[in-house]
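J.: Okay, here's the structure, questions in a sec.
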Amino acid sequence: MKQLIKNVEKISSSMDLIAAGCFFAVMALIIANILLRGIFKKPILGNYELVGYLTALGVSFALAHCARIDGHIAVDFFVGRLPKAMQKAVSMLVATLSVCLWGGVIWSMFTYANSMRAIGLVSATAQIAVYPIIGLVTIGLVGFWLVLLLQWVQHILGLSLAVKFARDKKVRHVSELAKKAV
């Protein structure tokens, strides 16, 4: 189990670096487009499409790391008022549904990428094939799904990946990670 946790952590951290690269590329493209348009009157052809693709890739690759550190917003206004046993049951139900739902989304994305490959769809301006982008987004979602699956297994075993991560980083709560980063 420890090796599985390490592998998922390594995958999600690597995907987070890729996401950071995508967002850096978005920033660089936008700045370059502004400068080229303003100075030389020559904007980057297909900039809108490239920014959209890179943003989709960045978000999909960032999901795994965000889920691993519990960096998402959880609204437990209702569930927090339930007894502990009921909270665990609801949490287990949500984890099970998440694994199933995202597994279905991944399968749908995979079949969608294949159908786009079959028809040869390309973007309007830059003429970039769409199916590799959809495939890469699907890979990002697979990383997210692996984290969800691991958390589901840990839920069953009574472990917590976020607590281990926070302990390794010497924080008591995920919100302290932001303070340590600044």
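J.: Look at region 59-79 and say how many of its residues are in a loop (DSSP other than H, G, I, E, B) and either hydrophobic (A, V, I, L, M, F, W, C) or in contact (Cβ under 8 Å) with a residue 40 or more places away in the chain (or both).
T.: Going through region 59-79 one residue at a time, the tally reaches 8.
J.: Only one residue in Leu141, Leu159 is within 21 Å of Ala74 (Cα to Cα) and either part of a loop (DSSP other than H, G, I, E, B) or at pLDDT below 85 (or both), so which one is that?
T.: Exactly one of Leu141, Leu159 is within 21 Å of Ala74 (Cα to Cα) and either part of a loop (DSSP other than H, G, I, E, B) or at pLDDT below 85 (or both), namely Leu159.
J.: So, one more: Taking the criterion of being surrounded by 15 or more Cβ atoms within 10 Å (Cβ to Cβ), more than 14 Å from the chain's Cα centre (by Cα) and closer than 26 Å to Val8 by Cβ, would at least one residue in region 120-128 satisfy it?
T.: No: region 120-128 contains no residue that is surrounded by 15 or more Cβ atoms within 10 Å (Cβ to Cβ), more than 14 Å from the chain's Cα centre (by Cα) and closer than 26 Å to Val8 by Cβ.
J.: Looking at region 15-28, is at least one residue modelled with pLDDT of 95 or more, in a helix (DSSP H, G or I) and over 18 Å from the mean Cα position of the chain (by Cα)? Walk me through how you get there before you give the answer.
T.: To start, the set of residues in region 15-28 that are modelled with pLDDT of 95 or more comprises 15-28.
Keeping just the survivors that are in a helix (DSSP H, G or I) gives 15-28.
Then keep just the ones that are over 18 Å from the mean Cα position of the chain (by Cα); that gives 27-28.
Yes: region 15-28 contains one or more residues that are modelled with pLDDT of 95 or more, in a helix (DSSP H, G or I) and over 18 Å from the mean Cα position of the chain (by Cα).
J.: Still on this model: What number of residues in region 44-68 are among the hydrophobic types (A, V, I, L, M, F, W, C), surrounded by fewer than 19 Cβ atoms within 10 Å (Cβ to Cβ) and more than 16 Å from Leu141 (Cα to Cα)?
T.: Residues that pass the stated criteria total 3.
J.: Just a yes or no: is a residue in region 110-125 more than 21 Å from Gly158 (Cα to Cα), hydrophobic (A, V, I, L, M, F, W, C), outside any helix (DSSP H, G or I) and at pLDDT 95 or above?
T.: yes
J.: Now, a different point. Looking at (1) surrounded by 11 or more Cβ atoms within 10 Å (Cβ to Cβ); (2) under 29 Å from Tyr48 (Cβ atoms); (3) within 23 Å of the chain's Cα centre (by Cα), which is the only condition Arg117 fails?
T.: Exception for Arg117: condition (3).
J.: Considering each residue of region 35-58, count those that are out of contact with any Cys (no Cβ under 6 Å at 6 or more places or on another chain), part of a helix (DSSP H, G or I) and farther than 30 Å from Gln154 by Cα, and give that number.
T.: Residues flagged as out of contact with any Cys (no Cβ under 6 Å at 6 or more places or on another chain), part of a helix (DSSP H, G or I) and farther than 30 Å from Gln154 by Cα within region 35-58 amount to 14.
J.: Can you tell me which residue is farthest from Phe61 (Cα to Cα) among those in region 101-154 that are aromatic (Phe, Trp, Tyr) and free of Cβ contacts under 8 Å to residues at least 40 places away in the same chain?
T.: Keep residues of region 101-154 that are aromatic (Phe, Trp, Tyr), which gives 102, 107, 110, 112, 131, 144-145, 152.
With free of Cβ contacts under 8 Å to residues at least 40 places away in the same chain added as a condition, the list becomes 107, 110, 112, 131.
On the way: Trp107: 17, Phe110: 16, Tyr112: 18, Tyr131: 17 Å.
Top of the filtered list is Tyr112.
The values are calculated or read from the model by the stated rules, or taken from the named source; none is laboratory data. All figures in this text were calculated on a predicted structure; none of them were measured in a lab. For neighbour counting, all protein chains shown are included, and Cβ atoms are generated from backbone atoms with ideal geometry for every residue, glycine included.
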